[in-house]
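The values are calculated or read from the model by the stated rules, or taken from the named source; none is laboratory data. Quantities reported herein were computed from a predicted structural model and do not represent experimental measurements. Virtual Cβ from ideal backbone geometry, glycine too; neighbours counted across all protein chains shown.
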Amino acid sequence: MPGCDKRLPHGLFLKDQSLMLLVKGGQLMPLTITEQFVLLAINRDSGMLDSRLSSKLGFYLAASGMLELLLSDTFRLDANDKLTFNPSKPPAGPAYLGWIAGKIAKSRQPASIENIIVSLYSWNSRTLHKRVFESMETRGLLEKKQRKAMLVLHFTFWSMQDDVRQTLLLRLREVLLEDGAAGPELLSLSLLAAHANILQPHFSQDEYARIKQRIAYLETKHALSGVPLWYSKMKRAYTEALSSGLG
């Protein structure tokens, strides 16, 4: 595919270290950090969200969405590490990013990263969850299904392009177990997934112990596009949300 750095299995490509999916019509669709996080969070066998997330999913969707807008320059950090809206760089990609950008733009600026994350989680978690999953359905990454329990109750579960997730896990393995290069996208996804404790089911106990060491190194030694700063602010926001009743 012209303009791509590398072809991967299952119709996937790498472009500037970003994961791209080839869709109908020959278009390349970048997978967002949020989408990759959700693919890791869904249990392969049950189609349900990882129980480790409990009611915390909205927090991680808010944190990853805000980071994507920071990496795309829709929002910038001023000298005091506060967010300011960049009107010359409107959000691109899935519609949920535009919705998040609109929420942030309406807040008092400059605003702190942690306050924005907590605000999005506290007041908009359900809407954000709905928008992200609807977007992933539209983009062909997830398919919503239901099944009955006790002949009455209906449970929602998800089928996904598991080949896409397996390729994603191979990329994470390269970075976390084979000392591969970690660009901003993979670094932030690794930090986010490790904090949410959703990497463990995908690796052996031995591998996961090594992964934790590698992530600790990446967190402190890399300085890529504000990702370490975002991560430290996200952890602070998590502590604040936890004290306010985060599940």
Inset, instruction - Return a yes/no flag: does the range 64-81 have any residue that is farther than 27 Å from Gly140 by Cα and of a type in the set (S, T, N, Q). - result: yes
Legend entry - Matching residues, the range 106-143, being aliphatic (A, V, I, L, M) and closer than 19 Å to Gly226 by Cβ: Ala111, Ile113, Ile116, Ile117, Val118, Leu120
Inset, instruction - Please list, ordered by first then second residue, the pairs with beta carbon atoms under 6 Å, 6 or more apart or interchain, first in the range 76-97 and assigned to a loop (DSSP other than H, G, I, E, B), second surrounded by fewer than 19 Cβ atoms within 10 Å (Cβ to Cβ) and at pLDDT 90 or above. - result: Asp78/Thr84; Asn86/Asp73; Asn86/Arg76; Lys89/Asp73; Pro91/Gly98
Legend entry - Matching residues, the range 159-210, being modelled with pLDDT of 85 or more, under 16 Å from the mean Cα position of the chain (by Cα) and assigned to a loop (DSSP other than H, G, I, E, B): Asn197, Ile198, Leu199
Legend entry - Candidates Ala101, Ala79 - the one that is of a type in the set (Gly, Ala, Ser), at negative phi and surrounded by fewer than 16 Cβ atoms within 10 Å (Cβ to Cβ): Ala79
